[in-house]
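Quick note: the coordinates plus some simple rules give every number you see, no bench work behind them. Small disclaimer: the values here were computed from a predicted structure and weren't measured. Cβ sites come from the backbone with ideal geometry, for glycine too, and all protein chains shown count toward neighbours.
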Amino acid sequence: MLRLENLTMVVENNQGENREIIRDINAEFEAGKVYGITGPNGGGKTSLAKLIMGIYMPSQGRIYLQDQDITPLSISERARLGIIYAFQQPPRFKGLTVKDLLNIARPGIDNLHLRSTLRDVGLCPEDYMDRDVGPGLSGGEMKRIEMAQTLAREAVISIMDEPEAGVDLWTIQKLIAVIVGKYKKNPRLTTIIITHNENMLHICDEVLVLESGMLVHRGTPEKIWPHIRDEIECKMKEQCSGEVAYEIR
Ligand SMILES: Nc1ncnc2c1ncn2[C@@H]1O[C@H](COP(=O)(O)OP(=O)(O)OP(=O)(O)O)[C@@H](O)[C@H]1O
Ligand SMILES: [Mg+2]
């Protein structure tokens, strides 16, 4: 189980003023469950993921993995304990091939597994296995390769940051099916999906809503969705006051 205790992160803006981008977050993520994290842009989702991965360090609070305090650990130490983070904007690695990356994610991966993983993210293995992970790949292709690494790794804690971003609708549906088949109800694995996609949220066991760095709602998708709808509707009305007000159906 992953546990976040009073997690807070403060950054300094250009004027030298402090700003809390993560505010006193308490949450638990159990094995065998898929969690969704959603909320408005700039709400703190990616920052929270980076805190869990050790890319950012908290100003206050602790992070526990199976009751071990991992707060002081580096990214590579956390990776060794079984945490993986699939970036919202995946980095490119000129000079490495897709096959190399999957071998790093899962050392000794056999050819069959490698091919099936690429197919899981909608990439034809023959066309992509030997492609260089440099500037020649499109944004959507990069996202799919990032997801392929995550799937190949089958980590104890997988955090996927907007796996649907820039990816075509057909691949989103395929990814949803793969996440359900591979992660849901797997008693060893905890999966956290940061997403703005309604279909992705609906396959989650629980959804957490982050807004202004705070955890504002948590519950089943069925319980949370009406809140999200109300907030979207409210924001649209605010933005359109005096103009046309749109209704969400
Ligand atoms: N290293 C940093 N230094 C300063 N500000 C930061 C840093 N990282 C994030 N922020 C700010 O913290 C806020 C939360 O950013 P974050 O990327 O976590 O949002 P998000 O919820 O992932 O948004 P989105 O849905 O757009 O991906 C933003 O206002 C962002 O500008
Ligand atoms: Mg983000």
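Descriptive notes on the structure:
- Evaluated at q = 0.11, 0.12 Å⁻¹, the base-10 log of the normalised Debye intensity for the chain, with identical point scatterers placed on the Cα atoms, takes the values -0.62, -0.74.
- Test item: Cα-centred dipole of the chain, Lys/Arg +1 and Asp/Glu -1 on Cβ, debye: 640
- 28 Å Cα-Cα threshold exceeded, pairs from 45/182; 143/237; 94/182; 143/223; 45/174: 143/237; 94/182; 143/223
- Theoretical gain in end-to-end length, residue 26 to residue 111 [0.36 nm per residue, Cα-Cα removed]: 26.4 nm
- Considering only 53, 6, 108, the residue lying farthest towards the positive end of the dipole of the chain is 108, judged by Cα position with unit charges set on Cβ.
- About the Cα centre, charge dipole magnitude for the range 137-241 (Lys/Arg +1, Asp/Glu -1 at Cβ), debye: 440
- Label point at residue 184 placed 7 Å out along Cα→Cβ; residues across the range 103-124 whose backbone nitrogen lies under 20 Å: 120-122
- Degrees between helix 139-153 axis and first principal axis of the chain (Cα, 0 to 90, nearest 10): 70
- Residue order, fewest to most beta carbons within 10 Å, for 162, 28: 28, 162
- Helical runs assigned H by DSSP (4 residues or longer) give the chain a calculated mean residue ellipticity at 222 nm of -11000 deg cm²/dmol, each run adding -39500 (n - 2.57) before division by the residue total.
- Each Cα pair under 8 Å and six or more residues apart adds its sequence gap; the mean of these over the residue count of the range 12-86 is a relative contact order of 22 percent.
- Per-residue Cβ neighbour rank within 10 angstrom, fewest leading, 93, 87: 93, 87
- Simple Cβ-charge dipole of the range 49-112, Lys/Arg +1 and Asp/Glu -1, about Cα centre, in debye nearest 20: 260
- Hz values of 3J(HN,Hα) by residue in the range 219-231 - Karplus curve (6.51, -1.76, 1.60), Gly and Pro given as x: x, 5, x, 5, 6, 7, 4, x, 5, 4, 4, 4, 5
- When you count the other C-beta atoms within 10 angstrom of each residue and take the mean per peptide, 163-176, 54-67, 4-17, 31-44 line up highest first as 31-44, 163-176, 54-67, 4-17.
- Summed residue charge, Cβ within 10 Å of residue 166's Cβ, Lys/Arg positive, Asp/Glu negative: -2
- Top positive-direction residue, dipole computed over the chain with Cβ charges, set 27, 42, 212: 27
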